[in-house]
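J.: First the structure, then my questions, so here it is.
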Amino acid sequence: MSKWIKWLGWPIGIGILLALGLHEGVGDVSQMLARAGYALLWLVPFHALPLLLDAYAWHQLLDRRSSLPFLWWIATVREAVNRLLPVVGIGGEIVGIRLARWQVPDASRVTASVIVEVLVTIVVQYAFAALGLVLLLATTDNMGGGTIALALLLTLPLPVLGVVLMRRGGIFHAIERFAGRLLGDSHRLLQGVDGRRLDADIDSLMSRTGLLFSAFFWQLAGYVLGALEIYWALALLGHPVSIGGAIAIEAMTQAVRHAAFMVPGGLGVQEATVVLLAQMFGVDRETALSLAVVKRGREVLFGCLALGSWQLAELVRTRGRLGAPPAGPRPAPPANRASETRTETETTH
């Protein structure tokens, strides 16, 4: 099913992108980007700051068992996988679990932290979208905000249901038992899986209310800080908006992009949303399209650097394993030649 969603999403995204380019025109975009100059490249390292706050939330959920710089690096790889590769938005979490186990071998604990973090992220996305919606309605006269509010309200039961199921517990043990009946307990996909322990680890995290609130606020702070990318980019492009306007544009863009998860990387969907929202705040058409190009360019450049670092780390780790001596017992050193000669002489006599 996910394969069909992936292949269907590509033409949808490309079609939206082409329609946007034909409708808005791209004639002045290159000139506007040239006027802004290389200062736009500062947006690439700036993106590391909101990801650091997001990684700190995960750092807390893992009870600081792994170093913050290492989790920040994994956060960059997770985001790059989810945004640049056709994985329907979950591949980054799988990669993150695998990489985190380099420092935290406890697979159940790592998996539980990622699952709970994803649930917290969903709640943060709704809170951030609500904040953006309030700012949108407060600073513009556009009545389309009512439609967005209705969409948020109608989809709200989904994350609530997810939280309730996780809090109730036993879901992964039930999945494990169902898969065992379907595939057989000896199937390789079920080897090393302990659904009961995973449920216990998730329940342990979900019962720590203070920890969940802390992770929520650190993630929300990361989202708000990330919105300053819009503020800075528009200032460099010569059409600044208020910080509230930048937060509204970023929040609504994130909401639409997550709703259109079937489109790989939000291709076309993200650009169309950025252009539409920027124009609501008085940004002219060419600048709005330039902003969409800058945002996508930063995303691709930052993501490619993250993916490249991941592959380099995998290569170094693989070479280190191949070059390491075997873990078995060392062979006994050869006996002293003089003692061997003495033993042979005694035997002869």
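Since every read-out is calculated from the coordinates, none of them should be taken as a lab result. Keep in mind that what you see is a predicted model, and the values were worked out from it rather than measured.
J.: Apply the Karplus parameterisation 6.51 cos²θ - 1.76 cosθ + 1.60, with θ equal to phi minus 60°, to every residue of the stretch 98-109 and state each ³J(HN,Hα) to the nearest whole Hz, in sequence, with x for glycine and proline.
T.: Per residue, the Karplus-derived 3J(HN,Hα) values read 5, 5, 5, 6, 5, 10, 10, x, 5, 5, 5, 5 Hz.
J.: Give, in nm to one decimal, the length gained when the segment between LEU322 and LEU301 is fully stretched (0.36 nm per residue of separation minus the Cα-Cα distance).
T.: Using 0.36 nm per residue and subtracting the Cα-Cα distance, I get 4.4 nm.
J.: Report the full-extension gain for the segment PHE217 to GLN311: residue separation times 0.36 nm, less the Cα-Cα distance, to one decimal in nm.
T.: 30.7 nm
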